[in-house]
Every structure is written in C-alpha cells, then in structure tokens.
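Undergrad: Quick one: the structure is below, questions incoming.
The values are calculated or read from the model by the stated rules, or taken from the named source; none is laboratory data. None of the values given here were measured: they were computed from a predicted structure. Reconstructed Cβ throughout: ideal geometry from the backbone, glycine too, with neighbour counts over all protein chains shown. The accessibility values were calculated without ligands, DNA or RNA, using every heavy atom of the protein model including side chains. Shrake-Rupley method; radii C 1.70, N 1.55, O 1.52, S 1.80 Å.
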Amino acid sequence: MRRRVAPLLAAVAIASCFGLPHPAVAAPEPPPLTVNVADTDTMGRVLTDPDGRTLYRYDLESAGTAGCVGPCTNTHKPLLNPPGAELRLPPGIAGTLGTVARPDGGDQVTYDGSPLYWSTADLEPADTNGADLHWHVINPRNAPVPAGTRG
C-alpha cells in the first residue's frame, strides 16, 4: 500500500507545477466605505456616513482635535471608526480620511483633518438641517458628476 501512495503523491505534485486548473477562489470583498457622497437639494454634493446621513465639520474646533463634546453631542454625533476598520473614500473623491482620539472615548473619523459629525436634525438621507453658523456640510473636491446629470 505504501508503494502505491508515493507515485500518486508524485503525480499530484507534478500536476500542480504545470498549472493544471485549480478551483477558483473568490477575491475578498473590499471593506465598506467609511464615507459616501450624496446629492442634496440645496447644498450640492456632500459627504455622508454609510447610512446616508450628511456629515458636518464644526468651525469652533481646530483641525485634528474633537471639540464638540458633552452637551454638544446631543445634536451633533461624532462619526466613530470601529476598532480595526479600514478608512475608505469612494473612488474619485479627493481628500484624506484619518482619525482623532476623542476626549470622551473612541476614534473619530476626520476628512482632511476636520472631525466629522452627523446631525440629529437630519431626518432623511442627504438632509442638511444641521447646517448653521458654525456647522457646515462638506462638499468634497473632485466629486464625480452622477451619470445622466451632465448638460
């Protein structure tokens, strides 16, 4: 029995060297996008979170620091990055995603250094009700124009 197994193993080894077909292995799914882009009725193309909520930056904080803490987060919630999650922008969107450690815990996603928030005033995807004197939507640079909207 031992002598019959050796030639079989040798044949399998030789066949694998000559590129005989192997079962197809599916490519791994890329991680989900951290932010997306959506068209709004009044403010153009804006960054959104994975659930379609418009993202905002806060004028009263310095880039790289999360300044909206405590009661401020009752109306503007930080976009947190789950531990170990890869940061991804949609293809064609210029800018850099990063994170900043929040003083109240967690890593908050940043876009070009500005911490990102979503507003509790936004009831539907791509609403912009959270914009005011100090809170601004983020219109990404180089956002591709959706198909069918070119003049």
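Undergrad: State all residues of the stretch 37-52 that are open to solvent by 70 Å² or more (accessible area, probe 1.4 Å) and within 13 Å of the chain's Cα centre (by Cα); if no residue qualifies, say none.
TA: The answer is Pro50, Asp51.
Undergrad: Within the stretch 73-108, track down each residue that is charged (D, E, K, R) and over 21 Å from Pro31 (Cα atoms).
TA: Lys77, Arg102, Asp104 - these are the residues of the stretch 73-108 that are charged (D, E, K, R) and over 21 Å from Pro31 (Cα atoms).
Undergrad: Another question about this same structure. How many residues does the stretch 85-133 contain that are open to solvent by less than 60 Å² (accessible area, probe 1.4 Å) and without any contact (Cβ under 8 Å) to a residue 40 or more places away in the chain?
TA: Of the residues in the stretch 85-133, 5 are open to solvent by less than 60 Å² (accessible area, probe 1.4 Å) and without any contact (Cβ under 8 Å) to a residue 40 or more places away in the chain.
Undergrad: Let me ask something additional. Can you tell me how many residues in the stretch 128-139 are in contact with a Gly (Cβ under 9 Å, 6 or more places away or on another chain) and closer than 10 Å to Thr40 by Cβ?
TA: Adding up the residues that qualify gives 2.
Undergrad: With the structure loaded, tell me whether Gly67 is among the small types (Gly, Ala, Ser) and open to solvent by 60 Å² or more (accessible area, probe 1.4 Å) or whether it fails that test.
TA: No.
Undergrad: Could you please let me know if Pro50 is under 21 Å from Arg141 (Cα atoms), free of Cβ contacts under 8 Å to residues at least 40 places away in the same chain and in contact with a strand residue (DSSP E or B) (Cβ under 7 Å, 6 or more places away or on another chain)?
TA: Spelling it out, Pro50 is indeed under 21 Å from Arg141 (Cα atoms), free of Cβ contacts under 8 Å to residues at least 40 places away in the same chain and in contact with a strand residue (DSSP E or B) (Cβ under 7 Å, 6 or more places away or on another chain).
Undergrad: Within the group Leu79, Leu55, Leu33, which residue is at pLDDT below 90 and surrounded by 17 or more Cβ atoms within 10 Å (Cβ to Cβ)? Talk me through it step by step, then tell me what you get.
TA: On the way: Leu79 fails: at pLDDT below 90; Leu55 fails: at pLDDT below 90.
The unique qualifying residue is Leu33.
Undergrad: Ok, one more. In the stretch 88-96, is there at least one residue being part of a loop (DSSP other than H, G, I, E, B) and of a type in the set (D, E, K, R)?
TA: Looking for residues that are part of a loop (DSSP other than H, G, I, E, B) and of a type in the set (D, E, K, R), one finds at least one in the stretch 88-96, hence yes.
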